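Participant: Once you've had a glance at the structure underneath, I'll fire off some questions.
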Amino acid sequence: MLVDRLWPRGLTKEKAALDLWAKEVAPSPGLRREFNHKPEKFAEFKKLYRFELSKNPALAAFRQELKRPKVTLLFAAHDPRVNHAVVLADYLTRSAKRKRKPAGKKPQAAARRRSR
C-alpha cells in the first residue's frame with residue numbers, strides 16, 4: 001500500500017503493481033511542504049500529522065484494508081526513520097491497542113485503594 005499523496009517519480013503504476021494507493025491518509029499538502037523531510041522539524045511534524053489523522057474520515061476505510069493477512073506501507077522518502085509512514089504506522093498501532101482494551105475496566109493503578 002502506497003501511503004504517499006504524490007506518486008513516486010519514475011515509477012509506472014503498472015510496474016508498481018500495488019493493491020492500494022492510499023493518498024487520502026498521507027499528510028496534507030501544506031504540512032508536507034512545511035516538513036520538507038527536515039529532521040529538525042520531525043517532532044513538530046509528528047504532532048501535527050497525528051492531529052490530522054485523528055480528524056481524517058478516510059482512516060476508517062484504510063483500517064479495513066489493514067485486515068489483510070500481510071500489509072506493507074510503502075513510501076518514497078529517502079530517510080526510513082524520518083518520514084510520514086513511520087508516524088502513520090505508529091499511530092495505527094497505538095490506536096489499535098487502545099481499541100483492544102476492554103471497555104469499562106479501570107486501570108489497575110487507578111482502581112487500588114490507599115491502605116491506612
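Participant: Could you tell me whether LEU74 is aliphatic (A, V, I, L, M) and within 12 Å of LEU2 (Cα to Cα)?
Facilitator: So LEU74 fits the description; yes.
Participant: Test PHE42 against the criterion of being modelled with pLDDT of 95 or more, among the aromatic types (Phe, Trp, Tyr), over 19 Å from SER95 (Cβ atoms) and assigned to a helix (DSSP H, G or I), and give yes or no.
Facilitator: Details: modelled with pLDDT of 95 or more: yes; among the aromatic types (Phe, Trp, Tyr): yes; over 19 Å from SER95 (Cβ atoms): yes; assigned to a helix (DSSP H, G or I): yes.
Taking the combined requirement at face value, the residue satisfies it.
Participant: What are the residues in segment 82-101 that are farther than 12 Å from VAL25 by Cβ and at pLDDT 95 or above, if any?
Facilitator: Taking segment 82-101 as the starting set, the residues that turn out to be farther than 12 Å from VAL25 by Cβ are 82-83, 86, 90, 93-101.
VAL82, ASN83, VAL86, ASP90, listed by residue number.
Participant: If you don't mind, another one. In segment 47-93, how many residues are under 25 Å from ARG33 (Cα atoms) and basic (Lys, Arg)?
Facilitator: Of the residues in segment 47-93, 4 are under 25 Å from ARG33 (Cα atoms) and basic (Lys, Arg).
Participant: Can you name every residue in segment 56-67 that is touching a residue at least 24 places away in the same chain (Cβ under 8 Å) and not in a helix (DSSP H, G or I)?
Facilitator: ASN56, ALA58, LEU66
Participant: On to the next question. So how many residues does segment 36-68 have that are in contact with a helix residue (DSSP H, G or I) (Cβ under 7 Å, 6 or more places away or on another chain) and hydroxyl-bearing (Ser, Thr, Tyr)?
Facilitator: 1
Participant: If we keep just the residues of segment 36-55 that are in contact (Cβ under 8 Å) with a residue 12 or more places away in the chain and in contact with a Phe, Trp or Tyr (Cβ under 7 Å, 6 or more places away or on another chain), which is surrounded by the most Cβ atoms within 10 Å (Cβ to Cβ)? If you could, list the steps in order and put the result at the bottom.
Facilitator: Pass one, segment 36-55, residues in contact (Cβ under 8 Å) with a residue 12 or more places away in the chain: 37, 39, 42, 45-46, 48-50, 52-53.
Still in the list and also in contact with a Phe, Trp or Tyr (Cβ under 7 Å, 6 or more places away or on another chain): 45, 50, 53.
Working: PHE45: 22, ARG50: 15, LEU53: 19.
My answer is PHE45.
Participant: Can you pull out the residues in segment 8-39 that are assigned to a helix (DSSP H, G or I) and either among the β-branched types (Val, Ile, Thr) or under 19 Å from ASP90 (Cα atoms) (or both)?
Facilitator: First, pick out the residues of segment 8-39 that are assigned to a helix (DSSP H, G or I): 13-16, 23-25, 29-35, 39.
If the condition is that a residue be assigned to a helix (DSSP H, G or I) and either among the β-branched types (Val, Ile, Thr) or under 19 Å from ASP90 (Cα atoms) (or both), then LYS23, GLU24, VAL25, LEU31, ARG32, PHE35, PRO39 are the ones that fit.
The values are calculated or read from the model by the stated rules, or taken from the named source; none is laboratory data. Everything quoted here is computed from the prediction, not taken from an experiment. As a convention, Cβ positions derive from the backbone with ideal geometry for all residues, glycine included, and neighbour counts pool all protein chains shown.
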